[in-house]
Amino acid sequence: MSLRISSIALVMASPRELKEAFVTGYEGGSPYEILLIISSVAIGLIFYQSFSRLIDHGWEEIMLEALAFPIPIILCQSVYLYESGVSYLVILLVCSFLALTIRVPVESTAASKRQKDAVTIYRSSMMLLTFVAILAVDFKVFPRRFVKTETHGYSLMDVGAASFVVAAGFVSPRARGKKGISAKPSRILSVMAMGMIRLATHKGIEYQEHASEYGIHWNFFFTLAFLILVPSLFPGPSFVLPVMIMFTYQYALIAEGVQEWIVEASRETQGPLYEQLFAANREGILGCVGFSALYLMGEFVAKTCFWDNPHTY
């Protein structure tokens, strides 16, 4: 009987409600599966570096890049992950091993160049993974366990949002040793403007909303705008400070009932406007605490392992 009622409800639902149902109510998948998908970038890089020594620049390099990066990334972020994606990664590894057995003269690369390459590769691969996920999320070829989780769990798209923040910390002025640089109001206003445009367009076209992600009005652009202020609000780069923020916030979530309040509390309140806005957007606003810790940790890791270490590669 309940199944029949659910079927009738789906038939009577609007296109927007159907789209919201399609991306709502998931708890992710296995963290090992996420590592497998992300490994497609590392394996593709090994394959590319192994064969780039043996070919000339031009159409051959374009073909090599296509085989090494877009194809495995797309395969691994689809329902064909185990059917074709894993096999493709194995083939890339085998071919890479065979290519490495061919010796050719290789010019030495300075350590400073190698460390910059590492940061560039991380940021570009993260962007490519994210673009594929965003474009594919509305289609059935993108497994539902990869979409953002509702209340808990592991998902590929959650990793993507956190990776953007970590990447921002990697290349922050403080991580690169620049001092006395404060947040520019123009940068904050420009990112806020993008957030307002996104909010207005989504409301205007009645695009599906996932309120448990960031709230009713909040979106990731507003989070990025807040992160521009983080260097002005917290000292760094530091290892202790982001760890303290993480532990304190996690304690508040579990021991003080903040997580339960975030998940179950009503979004409507009779208090002042700022209380109404906070209740409606609590996920996005409180999420800035965790993202701040990730940003600060990214600064520390990059300064320690990349920018201040000439032997990193």
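Could you run through the stretch 45-64 and say how many residues are closer than 21 Å to Phe131 by Cβ and open to solvent by 80 Å² or more (accessible area, probe 1.4 Å)?
2
Read through the list (1) within 30 Å of Thr304 (Cβ to Cβ); (2) of a type in the set (Ser, Thr, Tyr); (3) over 19 Å from the mean Cα position of the chain (by Cα), then give the number of the only condition that Tyr154 fails.
(3)
Are there any pairs, at least 6 apart or on different chains, whose C-beta atoms fall under 7 Å, with the first in the stretch 36-63 and within 30 Å of Gly160 (Cβ to Cβ) and without any contact (Cβ under 8 Å) to a residue 24 or more places away in the chain and the second in a helix (DSSP H, G or I) and open to solvent by 70 Å² or more (accessible area, probe 1.4 Å), and if so, which?
Cβ pairs passing all conditions: Tyr48/Glu65.
Using beta carbons and a limit of 7 Å, which pairs, at least six apart or on different chains, have the first residue in the stretch 162-188 and of a type in the set (A, V, I, L, M, F, W, C) and the second one modelled with pLDDT under 85 and outside any loop (DSSP other than H, G, I, E, B)?
Phe170/Val119; Val171/Val119; Ala175/Trp307
Can you tell me how many residues in the stretch 143-182 are small (Gly, Ala, Ser), farther than 15 Å from Leu296 by Cβ and buried (at least 17 other Cβ atoms within 10 Å of the Cβ)?
Residues meeting the conditions: 4.
Restricting to helices (runs of 4 or more DSSP H) lying wholly in the stretch 225-313: which have 2 or more residues that are of a type in the set (Phe, Trp, Tyr) and touching a residue at least 24 places away in the same chain (Cβ under 8 Å)?
By residue number, 282-302.
Tell me which residues, restricted to the stretch 197-243, are open to solvent by 70 Å² or more (accessible area, probe 1.4 Å) and among the acidic types (Asp, Glu).
Matches in the stretch 197-243: Glu206 only.
Quick one: in the stretch 42-61, of everything that is part of a helix (DSSP H, G or I) and hydrophobic (A, V, I, L, M, F, W, C), which residue is farthest from the chain's Cα centre (by Cα)? Walk me through how you get there before you give the answer.
Here is the first cut: in the stretch 42-61, the ones part of a helix (DSSP H, G or I) are 42-52, 59-61.
Of the ones still in play, those that are also hydrophobic (A, V, I, L, M, F, W, C) are 42-43, 45-47, 51, 59.
Working: Ala42: 17, Ile43: 19, Leu45: 20, Ile46: 22, Phe47: 24, Phe51: 29, Trp59: 31 Å.
Here the residue is Trp59.
What do you reckon, is Val41 of a type in the set (A, V, I, L, M), at pLDDT 90 or above and surrounded by 16 or more Cβ atoms within 10 Å (Cβ to Cβ)?
Yes: the conditions hold for Val41.
Restricting to the stretch 260-313, and then to whatever is out of contact with any Lys or Arg (no Cβ under 9 Å at 6 or more places or on another chain), open to solvent by 70 Å² or more (accessible area, probe 1.4 Å) and within 22 Å of Thr149 (Cβ to Cβ), can you tell me which residue is modelled with the highest pLDDT?
Taking the candidates together, the pick is Glu260.
Criterion first (in contact with a helix residue (DSSP H, G or I) (Cβ under 8 Å, 6 or more places away or on another chain), modelled with pLDDT under 90 and over 13 Å from Ile38 (Cα atoms)) does Lys140 satisfy it?
No: the conditions fail for Lys140.
So for the stretch 219-235 (the condition being modelled with pLDDT of 90 or more and either over 29 Å from Ala193 (Cα atoms) or in contact with an Asp or Glu (Cβ under 8 Å, 6 or more places away or on another chain) (or both)), does at least one residue qualify?
There is no residue in the stretch 219-235 that is modelled with pLDDT of 90 or more and either over 29 Å from Ala193 (Cα atoms) or in contact with an Asp or Glu (Cβ under 8 Å, 6 or more places away or on another chain) (or both).
Are any residues in the stretch 75-92 touching a helix residue (DSSP H, G or I) at 6+ places or on another chain (Cβ under 6 Å) and hydrophobic (A, V, I, L, M, F, W, C), and if so, which ones?
Residues satisfying the conditions are Leu75, Cys76, Leu89, Leu92.
Where residues in the stretch 62-87 are part of a helix (DSSP H, G or I) and touching a Gly at 6+ places or on another chain (Cβ under 6 Å), which of them is nearest to Asp158 (Cα to Cα)?
Step by step, filter the stretch 62-87, then rank; the result is Cys76.
The values are calculated or read from the model by the stated rules, or taken from the named source; none is laboratory data. This is a predicted model, so every value here is computed, not measured. All Cβ positions, glycine included, derive from the backbone under ideal geometry; neighbour counts span all protein chains shown. The area values use the complete protein model at the heavy-atom level, side chains included, leaving out ligands, DNA and RNA. Shrake-Rupley method; radii C 1.70, N 1.55, O 1.52, S 1.80 Å.
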